[in-house]
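The values are calculated or read from the model by the stated rules, or taken from the named source; none is laboratory data. All values reported here derive from a predicted model rather than from experimental measurement. Quick reminder, even Gly has a Cβ in these numbers, built from the backbone with ideal geometry, and neighbours come from all protein chains shown. All accessible areas refer to the heavy atoms of the entire protein, side chains included, with ligands and DNA or RNA removed. Shrake-Rupley method; radii C 1.70, N 1.55, O 1.52, S 1.80 Å.
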Amino acid sequence: ATADNFLNKVVPWLSKQRLIVTWGGDCKTYIKYELGDQVKLNYATLIPDALNNSSKFMVIGKEIVIRRGDPHVVFTLCEM
């Protein structure tokens, strides 16, 4: 029974096809997010309507790009 319950939880979690998104923004607003944080995105042209502003995404990658006068943060996000 325990193995059956375990498989009923793990198989759907591991077999779901998840959306992976690259997102960027200015340092002042987005520097506070770290790996493992969960966020909701509201961007209709990038995210499908069913997921827009409702599905949570986890930060799985973070890159700080420093350019003179225009530093920004680029995230890789995975749907939860």
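A count restricted to region 1-20 and to residues that are closer than 21 Å to Ser54 by Cβ and either touching a Lys or Arg at 6+ places or on another chain (Cβ under 9 Å) or open to solvent by less than 90 Å² (accessible area, probe 1.4 Å) (or both) stands at 3. If you filter region 21-57 down to residues that are open to solvent by 60 Å² or more (accessible area, probe 1.4 Å), of a type in the set (Asp, Glu) and part of a loop (DSSP other than H, G, I, E, B), you find that the one that is nearest to Glu79 (Cα to Cα) is Asp49. All told, Phe75 meets the bar of being touching a helix residue (DSSP H, G or I) at 6+ places or on another chain (Cβ under 8 Å) and either open to solvent by less than 100 Å² (accessible area, probe 1.4 Å) or at pLDDT below 90 (or both).
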